[in-house]
Amino acid sequence: MKKRTIIASVIFLFLFYILENIISICAYSIRDERCEADVVIVLGAAAYDRGVSPVYRERLNHGICLYQQGLVKKIIVTGGVAKGNKHSDAYSAKEYVLSQGVPKEDILMEEASVITQENLENSKALMEKNGYQTAIVVSDPLHMKRAMLLAEDAGMKAYSSPTPTTMYRSLKTKLPFLTRELFYCVGYKWYRIFH
């Protein structure tokens with residue numbers, strides 16, 4: 001009986017921990033801290049030599065909106081060269097941002113990253129090189145919790161601004177994205193504890 005109680009307690013605590021993290025990710029997804037900052041960092045998503053993916057396009061549109069509102073001076077586009085592509089994701093993103101009327105001199109490229117952590121660490125180095133100190137981070141809403149943890153660990157003074165036009169609209173697309181973020185967010189929290 002005691003063994004069953006212990007097992008039941010462990011299962012309950014595990015489920016409670018998972019639920020707590022899901023609530024935390026979802027609550028953070030609507031947190032918009034937009035304010036005046038030096039740059040906006042648009043976290044990468046898929047891009048191709050012929051252009052950016054719909055997901056990346058919506059992130060870029062939000063970054064452009066913040067720039068047009070006068071909240072930031074520069075836009076940092078991120079992403080390395082994906083398999084099968086000639087150009088980096090950042091290059092394709094820059095081409096898109098240019099097509100939307102943003103001057104070339106106001107776009108910075110971070111072209112070496114593959115994952116979110118590298119997006120942010122490399123963007124921080126780019127900011128330091130150019131004398132910038134503050135950033136607004138843009139991504140899809142459910143990605144923001146983990147992105148901001150990574151920005152904090154990169155030593156960045158950053159503010160969250162999730163894109164209001166995410167391509168993850170239906171339950172069918174949101175659930176896999178949430179599951180993925182839950183896995184990576186929980187994993188990263190445990191990584192932080194032991195490193």
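What follows draws every value from the coordinates through simple rules; no lab data is involved. These numbers were taken from a predicted model, which means no experiment stands behind them. Heads up, the Cβs are rebuilt from the backbone with ideal geometry, glycines too, and the neighbour counts pull from every protein chain shown.
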Residue among Leu13, Leu98, Leu108 with the largest mean-square fluctuation in a Gaussian network model of the chain, springs linking Cα atoms under 10 Å: Leu13
Compute the acute angle (0 to 90°) between the alpha-carbon long axis of helix 144-153 and the principal axis of greatest extent of the alpha-carbon atoms of the chain; round to the nearest 10°. 80 degrees
Per DSSP, the loop-located trypsin sites (Lys or Arg not before Pro) within the stretch 8-79 having at most 12 other beta carbons within 10 Å are Arg50
Selection of trypsin sites (Lys or Arg not before Pro), the stretch 115-195, meeting DSSP coil and at most 10 other Cβ within 10 Å: Arg169
Would you mind checking Lys124/Lys189; Lys104/Lys189; Lys94/Lys174 for any pair whose Cα atoms are more than 31 angstrom apart? Lys104/Lys189
Between Gln69 and Glu128, what FRET efficiency follows from the Cβ-Cβ distance if R0 is 22 Å, with the result rounded to 0.05? 0.30
Rounded to one decimal in nm, the spacing of the 7 Å Cα→Cβ label points at Leu98 and Ile7 is 6.3 nm
Which cross-chain or sequence-distant (5 or more) residues have an amide H under 5 Å from the amide H of Gly44, H modelled 1.01 Å from N in plane? Thr78
Fully extended, how many nm does the chain gain between Ile22 and Thr165 (0.36 nm per residue separation, minus their Cα-Cα distance)? 49.4 nm
Considering the chain as a Gaussian network with a 10 Å cut-off on Cα pairs, which listed residue, Ser24, Ser170, Ser113, attains the greatest mean-square fluctuation? Ser170
Could you work out the equivalent-ellipsoid semi-axes for the stretch 46-195, taking the square root of 5 times each eigenvalue of the Cα gyration tensor, largest first, in whole Å? 23, 19, 16
